[in-house]
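Structure record follows, encoded as structure tokens.
The values are calculated or read from the model by the stated rules, or taken from the named source; none is laboratory data. None of these values were measured; they are calculated from a predicted model. Neighbour counts run over all protein chains shown; Cβ positions are idealised from the backbone, glycine included. In case anyone asks, the SASA skips ligands and DNA or RNA and just uses the protein heavy atoms, side chains included. Shrake-Rupley method; radii C 1.70, N 1.55, O 1.52, S 1.80 Å.
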Amino acid sequence: MIDREKPMVEVRKVRKSFGDLEVLRGIDMQVKKGEVLVIVGPSGSGKSTLLRCINLLIQPDSGDIFLEGVKVNDPDIRPEWVRQQIGMVFQSFNLFTHLTALKNVMLGLTKVKRLDGLEAEKIARYELERVGLADKADAYPAQLSGGQQQRVAIARALALNPKVMLFDEPTSALDPEFIHEVLDVMTKLANEGMTMVVVSHEMGFAKSVADELIFMDNGVIVEVGVPEEVFASPKTDRMRAFIGKILG
């Protein structure tokens, strides 16, 4: 039955160049509702650009991007609407330093969704609890660890009730001792059925949580498969070399 459903996210023949550099060279991929897709690959392979195209932070030069069958890069579709449906968490936390954790999470609810303060606060407190930070609602970013700041950023994205969550190397800016707490939250979201596209070098997370793994290199998708199978028996020399570097 699920195979006949429209994919939650579908990318068709997407290309993107910056000047003479072609960063995405005809990408095709899809993610079904409730699936977790992890994208790996060397630096500069186009992974982050692909995520930014999916929620229209960057407009693709050509190709189509669909959310539940709706072409989101249609000129008639507002990018702001797309970004409410497709949440994104970045490497850097991008929190407002003068606002508490609670106010950071409330901001999108009051400014974007135009909710009143009481309703926004109720949702924000729920999302902070969801990421394990109910007791840090009144703390400012400077009073939080990197892992806690990233979890506030996740709560902020979740507060808009997105259909899909994109994560762009969410643990790469963290000290090692804080990485697990962010990955634990992401694992919990996956177990709750959140559709997720994750760019990450955390191979343990990819093996244990991802339904599918994509390996990108030089702007193209080189290999796709179930993580365990891809790691155990990569089909291409490029994937083999990449695994050797990451796991070596």
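Built from the Cα atoms of region 1-145, the convex hull projects on average onto 11.4 nm², one quarter of its surface area.
Take the solvent-accessible surface of the protein heavy atoms, probe 1.4 Å, and return the percent of it on the chain that carbon and sulfur atoms account for. About 48 percent, which is the carbon plus sulfur part of the accessible surface. Label sites at E177 and Y126, each approximated as a point 7 angstrom past Cα along Cα to Cβ, lie 3.5 nm apart.
Loop sites here are GluC sites (Glu not before Pro) outside DSSP states H, G, I, E and B with no more than 11 other Cβ atoms within 10 Å. The longest part of the chain free of them is 6-191. Here the contact order of region 168-246, divided by its residue count and restricted to Cα pairs under 8 Å and six or more residues apart, works out to 21 percent. Under 5 Å between amide hydrogens, built in the peptide plane, is the criterion, and for A139 it picks out A101, L102 among residues at least 5 positions away or on other chains. Please figure out what share of the DSSP beta bridges in the chain is antiparallel and state it in percent, rounded to the nearest 5. Roughly 55 percent of the beta bridges in the chain run antiparallel, per DSSP. Averaged per residue, region 1-140 has 53 square angstrom of accessible surface, using a 1.4 angstrom probe with ligands and nucleic acids left out.
Oblate is the label for region 105-213, because a/c, from the alpha-carbon gyration tensor with a ≥ b ≥ c as root eigenvalues, is 1.5 or above and a/b does not exceed b/c.
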